[in-house]
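Data first, discussion second: the structure below is written as structure tokens.
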Amino acid sequence: MKSTATANANIALVKYWGKRDERLILPQNGSISMTCDGLQTVTTVEFSGAHHKDTVLINDEELQKDERDILGHIERIRKLAGINEKAKVVSQSNFPIAAGLASSASGFAALTLAATAAAGLRLNERELTILSRQGSGSSCRSICNGFVEWYKGSRSDGSDSYAETIADKDYWKEFRMIATIVSESKKKVGSRAGMKQTVETCPYYKDWLATVDRDLEIIRIGIKKKDFSSVGITAEMNCLKMHALMMTTVPPILYWIPATLEVMYAVQSMREEGLECYFTIDGGPQVKVMCMEKDLNEINKRLMELEGVKKTIICKPGDGTQLIEKHLF
């Protein structure tokens, strides 16, 4: 009863911010993302009578943050499979966790597939996205490869809120996402808590909901037409709208640090010089820069020269969650 899965993080082009159901993690709006080859989590899960309690080791540290969410997800899978054995979970990511790089997305996606396989369940992709969503909303997008849409759905049981690939990883091979690491510190306000605050207190949240469907339509069509300008302009504006919500939440949520702004200004300057690129930022200080493969080396070189950038990770459209043979223990 041991299985190992690998999952890539995903970066949203149209953001998910706010839930209509906290328990089932049903979003207020749909979202579209790119599954990123280069931001990877590997997780091994074993259910055994030899384990006296559930244990979780993440990047060689005993679990502390989000312990309730992960242990709750393991129990959810255990009930679904009709087993009682306790679980041992060991997980490794090749990028900083809880720092605005979608580590919970890749983490819960890998956990969902590894745990269901170890428990003897054989779920299809849609079923896996629905299950993974209940652990971490954005993780449902990491189950799928390439460019992915997560539908908000309308049913109260969440059965129509799932994710699926809208363009596979080989459809737009020239698309690149450069993740700039400006801080490896864990963020002070988690996305889950931040979303709840925003929905409850932000005076502009209704305006977000009134415009996000249009963003989804533009990005969806832009991906299918491989219209980089349309996708980049809309993704950048959608990101800024989301952070405007955070900044006008009570109390305000400010994820940006000086280096975040340094990268944003650098992207704008490169664009003015004819190097087409756009930025997007999730719940954290890291800036992800979208560009085409032909401009990648020059843009990455300039980003690496910025004082606030510690390193960059270059991502292309990547695989969805997969089972692998090599276990972590």
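I'd like to know if the stretch 91-109 contains one or more residues that are in contact (Cβ under 8 Å) with a residue 12 or more places away in the chain, under 25 Å from K2 (Cα atoms) and touching a His at 6+ places or on another chain (Cβ under 9 Å). Yes, the stretch 91-109 contains at least one residue that is in contact (Cβ under 8 Å) with a residue 12 or more places away in the chain, under 25 Å from K2 (Cα atoms) and touching a His at 6+ places or on another chain (Cβ under 9 Å).
Note on the stretch 30-47: residues that are out of contact with any Phe, Trp or Tyr (no Cβ under 7 Å at 6 or more places or on another chain), within 26 Å of V231 (Cβ to Cβ) and surrounded by fewer than 24 Cβ atoms within 10 Å (Cβ to Cβ) amount to 3.
Scanning the stretch 1-37 for residues that are closer than 18 Å to N238 by Cα and part of a loop (DSSP other than H, G, I, E, B) yields K15, Y16, W17, G18, Q28, N29, G30. Scanning the stretch 127-175 for residues that are crowded, with 24+ Cβ neighbours inside 10 Å and part of a strand (DSSP E or B) turns up F147, V148, W150, A163. Number of residues in the stretch 13-44 that are among the hydrophobic types (A, V, I, L, M, F, W, C) and over 14 Å from the mean Cα position of the chain (by Cα) equals 4. For T180, the conditions (1) polar (S, T, N, Q); (2) crowded, with 21+ Cβ neighbours inside 10 Å; (3) closer than 26 Å to D227 by Cα; (4) not assigned by TED's automatic domain parsing to the domain that holds I223 are fulfilled apart from (4). Going residue by residue through the stretch 183-199, is there one that turns out to be touching a strand residue (DSSP E or B) at 6+ places or on another chain (Cβ under 8 Å), part of a loop (DSSP other than H, G, I, E, B) and either surrounded by 16 or more Cβ atoms within 10 Å (Cβ to Cβ) or among the hydroxyl-bearing types (S, T, Y) (or both)? Scanning the stretch 183-199 turns up no residue that is touching a strand residue (DSSP E or B) at 6+ places or on another chain (Cβ under 8 Å), part of a loop (DSSP other than H, G, I, E, B) and either surrounded by 16 or more Cβ atoms within 10 Å (Cβ to Cβ) or among the hydroxyl-bearing types (S, T, Y) (or both). Listed by position, the strands (runs of 3 or more DSSP E) contained in the stretch 278-329 that have at least 3 residues being touching an Asp or Glu at 6+ places or on another chain (Cβ under 7 Å), of a type outside the set (K, R) and in contact (Cβ under 8 Å) with a residue 24 or more places away in the chain are 278-281.
Of the candidates K226, K186, K169, the single residue that is over 20 Å from the mean Cα position of the chain (by Cα) and touching a residue at least 40 places away in the same chain (Cβ under 8 Å) is K226. A Cβ distance below 7 Å, combined with a sequence gap of six or more or placement on separate chains, defines the contacts here; from the stretch 57-74, residues that are at positive phi reach residues that are at pLDDT below 85 in the pairs N59/I97. Whether a residue is surrounded by 15 or more Cβ atoms within 10 Å (Cβ to Cβ) and either of a type outside the set (D, E, K, R) or not in a helix (DSSP H, G or I) (or both) was assessed, and V267 passes this test.
The values are calculated or read from the model by the stated rules, or taken from the named source; none is laboratory data. The shown structure was predicted, so the numbers you read here are calculated from the model rather than taken from an experiment. Ideal geometry is used to build each Cβ from the backbone, glycine not excepted, and the neighbour counts take in all protein chains shown.
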